[in-house]
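Q: My questions all concern the structure below.
The values are calculated or read from the model by the stated rules, or taken from the named source; none is laboratory data. Keep in mind that what you see is a predicted model, and the values were worked out from it rather than measured. Because the Cβ atoms are built from the backbone with ideal geometry, glycine has one as well, and the counts that use them run over all protein chains shown. Please note that ligands, DNA and RNA were not included when accessible areas were found on the heavy atoms of the full protein model with its side chains. Shrake-Rupley method; radii C 1.70, N 1.55, O 1.52, S 1.80 Å.
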Amino acid sequence: MTDHNDKTLSAREMVRAHAYPVLAAVSSLSLFTMAMLLIPQAVRHQRFNRCVDAQIQMRDAINPGSQQGPGRMNELKAFQHCEGR
């Protein structure tokens, strides 16, 4: 086989010359695919976090005295509401 400068290359030299661009293209494509597949999960988690934040703010506004200690009750109720329980 010949390269772009009309030099004759052995099979090993051809593999060395083309392996890096091929591997770089495959790895770039796989990273792009993984990023695309993670978008729906990221959107779902962002919506859940916004729901929880809104529920906690609403419950704090309704009953400001309920936050005695760590305030777990409002957080638990907010998680239950956003999970649909």
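Q: Run the numbers on the chain and let me know its relative contact order in percent, using alpha-carbon pairs under 8 Å that are six or more apart.
A: Relative contact order here is 20 percent.
Q: Nearest 10 degrees is fine. How inclined is helix 11-62 to the longest principal axis of the chain, computing both from alpha carbons?
A: 10
Q: Calculate the translational D of segment 5-50 in whole µm² s⁻¹ from Stokes-Einstein, where the hydrodynamic radius comes from the Kirkwood formula applied to all Cα pairs, the temperature is 20 °C and the viscosity 1.002 mPa s.
A: 156
Q: If you roll a 1.4 Å probe over the heavy atoms of the protein chains, what accessible area per residue do you get for the chain, in Å²?
A: Ligands and nucleic acids excluded, the figure is 86 Å² per residue.
Q: Divide, for the chain, the radius of gyration over alpha carbons by 2.2 N^0.38 Å, where N is the residue count.
A: Values: Rg = 27.9 Å, N = 85, 2.2 N^0.38 = 11.9 Å.
Compared with the compact-globule rule of thumb, the chain sits at 2.35.
Q: Moving to a separate point now. Could you size up the charge dipole of the chain around its Cα centre, putting +1 on the beta carbon of Lys and Arg and -1 on that of Asp and Glu, and report it in debye to the nearest 20?
A: Working: 10 positive and 7 negative charges, 68 e Å.
Result for the chain is approximately 320 debye, rounded to the nearest 20.
Q: Taking all protein chains as present, what is the carbon and sulfur share of the accessible area of the chain, in % to the nearest whole number, probe 1.4 Å?
A: 61
Q: Here's a follow-up. Taking amide hydrogens as modeled 1.01 Å from N in the peptide plane, which residues meet the under 5 Å criterion relative to LEU9, leaving out close sequence neighbours?
A: Under 5 Å from the amide H of LEU9 lie the amide H atoms of THR2, ASP3, each far enough along the sequence or on another chain.
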